[in-house]
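Have a look at the structure below, then the notes.
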Amino acid sequence: MGWVPAQGRLAAGLLVNLSASICIVFLNKWLYVRLGFPNLSLTLVHFAITWLGLYLCQALGAFAPKSLRPAQVLPLALSFCGFVVFTNLSLQSNTIGTYQLAKAMTTPVIVAIQSLAYGKTFPLRIKLTLVPITLGVFLNSYYDVKFNALGMVFATLGVLVTSLYQVWVGAKQHELQVNSMQLLYYQAPMSSAMLLFIIPFFEPVFGEGGIFGPWTLSAVIMVLLSGVIAFMVNLSIYWIIGNTSPVTYNMFGHFKFCITLLGGCLLFKDPLSVNQGLGILCTLLGILAYTHFKLSEQESNKSKLAQRP
């Protein structure tokens, strides 16, 4: 895609991530609610198909694998497992609205991690936009008529691990001088091996409710389709973060919750209270303010570069 302008490639990557992320939420929720497919087993399918997809990509010459030591990828593989497992458990236990909106807390946590661990600074106005986002998430979760304490624990753990994972994705690509495909190519099989060892302790493998249980052909097709979409989500996450930043990726991601929230109400009859609506509105205002300030900052930087002799 070298002939496509950088803005066009970024727009295409964002569009792929938007479409795939929305599809994966609804499809996974359907597999959990309607079919009762086990969570960790579905995650394993996602990892395996992601690795298979990358293997085919490198066989077709889309990228050249780069030799990496397992120790260099291990922290990323562990956080990748935690990120997918806890977010899937959150989706399984919460309404789609609460699940999606809780993910908005990833942005404040990422800002905190980058400030404390990496010494990155953010303007005060950017930090202030995180206040309505956090308040909106709290209001939505507190007034959710289907409030689930265990679901909120999963959502909190998911936010913490996801934040670490997304920060490390960007840091590792720069540290190891690899692109998104090269890094994910090594990480996906390592994460699959970890889950393969863990699954028998938490979920049945054979029989009713197990990954090798008596599933119908339509169920198998839906699980495989979920894996293909997960591959697109994983690859686009790496690509977008590598070409922008974890915070920018998350701010883009927050707009997806509007569509998933509407879909949750229509497909799964998730109720929505007035206070939840206020929480959603509050979060949206914070997102819009962040986007405005970020765009202003980028324009200012471009002007400064243009003025240099």
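Dividing the convex hull volume of the alpha-carbon atoms in the stretch 35-179 by its residue count gives 141 Å³ per residue. Backbone phi angles across the stretch 71-82, fed through the Karplus curve with coefficients 6.51, -1.76 and 1.60 (θ = phi - 60°), yield HN-Hα couplings of 4, 6, 9, 4, x, 5, 5, 5, 5, 5, 4, x Hz in residue order; Gly and Pro are listed as x.
Of the residues His46, His292, ranked by 1.4 Å probe accessible area with the largest first, the sequence reads His292, His46.
Please give the FRET efficiency for Arg34 paired with Leu150, using the beta carbon to beta carbon distance and R0 = 25 Å, rounded to the nearest 0.05.
Details: r = 21 Å, r/R0 = 0.83.
E between Arg34 and Leu150, to the nearest 0.05, is 0.75.
Shown in residue order for the stretch 44-52 are the 3J(HN,Hα) couplings computed by the Karplus curve 6.51 cos²θ - 1.76 cosθ + 1.60 at θ = phi - 60°: 4, 4, 4, 5, 5, 5, 4, 5, 4 Hz (x for Gly and Pro). The peptide list 108-120, 82-94, put in order of mean Cβ contacts within 10 Å with the highest first, becomes 82-94, 108-120.
Considering only Cα-Cα distances, which of the following residue pairs are longer than 24 Å: Lys103/Lys127; Lys66/Lys120; Lys29/Lys172? Spell out each step's value before the answer.
Values: Lys103/Lys127 17 Å; Lys66/Lys120 29 Å; Lys29/Lys172 31 Å.
Lys66/Lys120; Lys29/Lys172, as the Cα separations exceed 24 Å there.
Extending 7 Å from the Cα toward the beta-carbon at both Leu225 and Ala59 defines two label points whose distance is 2.5 nm.
The values are calculated or read from the model by the stated rules, or taken from the named source; none is laboratory data. Values in this document were obtained by computation on a predicted structure and should not be read as measured data. Cβ sites come from the backbone with ideal geometry, for glycine too, and all protein chains shown count toward neighbours. For the accessible areas, the whole protein counts, side chains as well, though only heavy atoms, and no ligand, DNA or RNA atoms are used. Shrake-Rupley method; radii C 1.70, N 1.55, O 1.52, S 1.80 Å.
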